[in-house]
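*Asks:* Encoded as structure tokens, here's the structure I'll be asking about.
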């Protein structure tokens, strides 16, 4: 280990930065956040630093560097574009016993600036010793992905009551057990849910002589898995997957997304694929409640967004009635991903000023749709689970006045490697799906914006324009 890791308290301490360009600006931003008194030595300042100077947030010595200019600083940063100048700055600082960092020249300085993850008072630093900054930045990104957004708020709460915790629990082992409960239990979950006051009240209650320690009871996170591409999983969803003890998931959740979960998590598939076997909704709700009652940290993982045609609302109602703690992590919806991966703008001021989402899961839901409202024009229509009802959808839209020539798009397995995009007109919708044997998961889009897929489709195999079998056979005979 060449470098000894240490955090410097630079609050109200003098720091000299040699250089007035963008590289210096990045370092100065970090220094100002730590409360340092920054002085810049440079013939000129770029726009960002000039603005900071006008705000009185730094001092400027408008000269080229010479050893005599270096002040009695606690830290020196050499950040010019001239490697020889940086080396001279470093040599001068080291000769005076000052810590010095030479940007991109770790061999001439005696300190390196790590890649930093910051959450309030919590700081995580990753360093490659200056040998591979790109690797350090990638590791930082991985840490960012798993670190809760509001862990800094939790840290501030624990710091505020640290002495109370020590007085109430003088025994080290009991105190450590208390911290484990706080970090893994409801207090931490309330902080993450933005309910700081409730979290503090629960913490204080547990510290009263008659109070009970916070219990790590079970909870359920309703998480959107997105449409299938694991790259579209949100950071919040990834954190939940890596903390879950049990994952209750639908069949539409891709294997690539499930592979991102912690390895020892129990996985329970409850079906939910259109046209196939699935576990009854009441059984799923009972399962979630039972797992939470057993003290498990549960993730209910649904394809797309959990509150868009995914019966997530019913599950939230059941959890609420049972008194189970829950949280919701939204996901990239199927309509967003399918349209984007097909190059189709869902709204476009030239053609569509609105977007309607419609479920066509069964015959009853199709009959309940206000078809007259859907055919007013100027909108994009998105039909979820509409493959089996394509003929009815086609017939009702045309019967209520939508032109049979209206463009349609069917996006099968949207955002996944096997994605397929079929383009045609409303009058051919049912025949197109039947001829190409389209299967779930697939999304149907209806509207003028579908035309853009012909030229703007970018993911996977090219979009296919529908040619009826009778037309194709006639062309083959003519050839």
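*Asks:* Counting helices only, and only those DSSP H runs with n ≥ 4, report the 222 nm mean residue ellipticity of the chain as the sum of -39,500 (n - 2.57) divided by its residues, in deg cm²/dmol to the nearest 500.
*Replies:* When only DSSP H runs of four or more count, the value is -10500 deg cm²/dmol.
*Asks:* Right, another one. Could you tell me how many cubic angstrom of Cα convex hull volume segment 151-207 has per residue?
*Replies:* On the way: hull volume 3.7 nm³, N = 57.
Convex hull of Cα atoms, per residue: 65 Å³.
*Asks:* Calculate how many DSSP beta bridges within the chain are antiparallel, expressed in % of all such bridges and rounded to the nearest 5.
*Replies:* Details: 22 of 65 bridges.
Approximately 35 percent, going by the DSSP bridge assignments.
*Asks:* Determine the shape class of segment 219-332: with a ≥ b ≥ c the square roots of the Cα gyration tensor eigenvalues, call it rounded for a/c under 1.5, and otherwise prolate if a/b is greater than b/c, oblate otherwise. It would help to have the intermediate numbers written out before the result.
*Replies:* On the way: a/c = 1.44, a/b = 1.17, b/c = 1.23.
Rounded shape, in that the Cα axes give a/c under 1.5.
*Asks:* Using only C-alpha positions, report the orientation-averaged shadow area of the convex hull of the chain, nm², one decimal. Provide the component values of the computation, followed by the final result.
*Replies:* Numbers: hull surface 131.1 nm².
Answer in nm², one decimal: 32.8.
*Asks:* Let me ask another. For the Cα atoms of the chain, what angle does the longest principal axis make with the long axis of helix 196-207, in degrees from 0 to 90, nearest 10?
*Replies:* The helix 196-207 is inclined about 70 degrees to the chain.
*Asks:* Now, a different point. By counting other Cβ atoms within 10 Å of each Cβ, how are 289, 165 ranked from fewest to most? Please list the in-between numbers first.
*Replies:* Values: 289 20, 165 17.
Final ranking by Cβ density, sparse to dense: 165, 289.
*Asks:* Work out, in µm²/s and without decimals, the Stokes-Einstein translational diffusion coefficient of segment 213-260 at 25 °C, 0.890 mPa s, Rh from Kirkwood over C-alpha pairs.
*Replies:* Numbers: Rh = 11.7 Å.
Taking Rh from Cα pairs, D becomes 209 µm²/s.
*Asks:* Describe numerically, in nm with one decimal, the distance between label points set 7 Å from Cα along Cα→Cβ at residue 256 and at residue 404.
*Replies:* Those two pseudo-labels are separated by 4.0 nm.
*Asks:* In Å, the Kirkwood hydrodynamic radius of segment 8-89 over pairs of distinct alpha carbons?
*Replies:* Values: mean 1/r = 0.0805 Å⁻¹.
In segment 8-89 this quantity evaluates to 12.4 Å.
*Asks:* Right, here's the next one. Stretch residue 455-residue 161 to full length: gain in nm at 0.36 nm per residue minus the Cα-Cα span?
*Replies:* Details: separation 294, 0.36 × 294 = 105.84 nm, distance 6.03 nm.
Length difference between fully extended and current span is 99.8 nm.
*Asks:* For segment 336-469, what is the convex hull (Cα atoms) projected area averaged across all directions, in square nanometres? Could you put the intermediate results ahead of the total?
*Replies:* Values: hull surface 28.4 nm².
The number I arrive at for segment 336-469 is 7.1 nm².
*Asks:* Can you grab the distance from the C-alpha centre of segment 335-406 to the C-alpha centre of segment 120-142, Å, no decimals?
*Replies:* Between the Cα centres of segment 335-406 and segment 120-142 lies a distance of 47 Å.
*Asks:* Among 302, 94, which comes first, then next, by fewest other beta-carbon atoms within 10 Å?
*Replies:* On the way: 302 27, 94 15.
Final ranking by Cβ density, sparse to dense: 94, 302.
*Asks:* In what sequence do 197, 283, 240 fall when counting other Cβ within 10 Å, fewest first? Before the final figure, lay out the partial values.
*Replies:* Working: 197 8, 283 11, 240 23.
So the residues, fewest neighbours to most, are 197, 283, 240.
*Asks:* Which order, highest average first, do 220-231, 152-163 follow once you tally other Cβ atoms within 10 Å for each residue and take the mean per peptide? Don't skip to the end; give the middle numbers.
*Replies:* Details: 220-231: 24.6, 152-163: 15.2.
Top of the packing list down: 220-231, 152-163.
Each value in this text was obtained by applying a stated rule to the coordinates, not by laboratory testing. What you see is a predicted model, and the numbers here were worked out from it, not measured in a lab. Here the Cβ is made from the backbone with ideal geometry for all residues, glycine too, and neighbour counts use every protein chain on show.
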